[in-house]
């Protein structure tokens, strides 16, 4: 397979993955995407391209925001797509992609984090690594890479109490 055929498009949308602690405000805000830094630090060698779409907490995503994500996927020629997304509503956005019928032989992996990527103890790099692996080897479909597992997007829920994703 040619390198261009294996290129992974990374769409960033914000969420905990990209949160920054603003000490003066005692609050978290969405900062610049962390995926490029994580991928560079990990020395990822497969071809990829990062495209920033949004900087929002997933609880604040609107139907219009989801339409932006759907449009980016629909307009892309990429066959392998990783979407960084807040964990609270990633299944809703995955459903919007499924409803829009934009799969067309693509492998789409949603990934998030329970702790900001900037934290020393975060699941972000591990989850992103899993998402990259899944994007390269999983059959076409829409998946979620969280909690050490790759889930079909329509068969997973977030267990808020335990802070993990589980099969539904």
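How many residues, within the stretch 88-105, are assigned to a loop (DSSP other than H, G, I, E, B), at pLDDT 95 or above and under 19 Å from residue 157 (Cα atoms)? So the answer is 1.
Scanning the stretch 102-119 for residues that are farther than 15 Å from residue 9 by Cα and either buried (at least 24 other Cβ atoms within 10 Å of the Cβ) or touching a residue at least 60 places away in the same chain (Cβ under 8 Å) (or both) returns 112, 113, 114, 115, 116, 117, 118. Residues that are out of contact with any helix residue (DSSP H, G or I) (no Cβ under 6 Å at 6 or more places or on another chain) and assigned to a strand (DSSP E or B) within the stretch 129-142 comprise just one, 141.
For residue 82, the test of being surrounded by 14 or more Cβ atoms within 10 Å (Cβ to Cβ), part of a helix (DSSP H, G or I) and modelled with pLDDT of 95 or more is failed.
Considering the stretch 48-78, the residues that are in a loop (DSSP other than H, G, I, E, B) and touching a strand residue (DSSP E or B) at 6+ places or on another chain (Cβ under 7 Å) include one that is modelled with the lowest pLDDT, namely 57.
Scanning the stretch 120-156 for residues that are exposed (fewer than 14 other Cβ atoms within 10 Å of the Cβ) and at pLDDT below 95, we see that the one that is farthest from residue 92 (Cα to Cα) is 120.
The residues on offer are 126, 110, and the sole one that is touching a helix residue (DSSP H, G or I) at 6+ places or on another chain (Cβ under 6 Å) and outside any loop (DSSP other than H, G, I, E, B) is 110.
The values are calculated or read from the model by the stated rules, or taken from the named source; none is laboratory data. Everything quoted here is computed from the prediction, not taken from an experiment. A quick note on method: Cβ atoms are made from the backbone with ideal geometry, for glycine too, and the neighbour counts reach across all protein chains shown.
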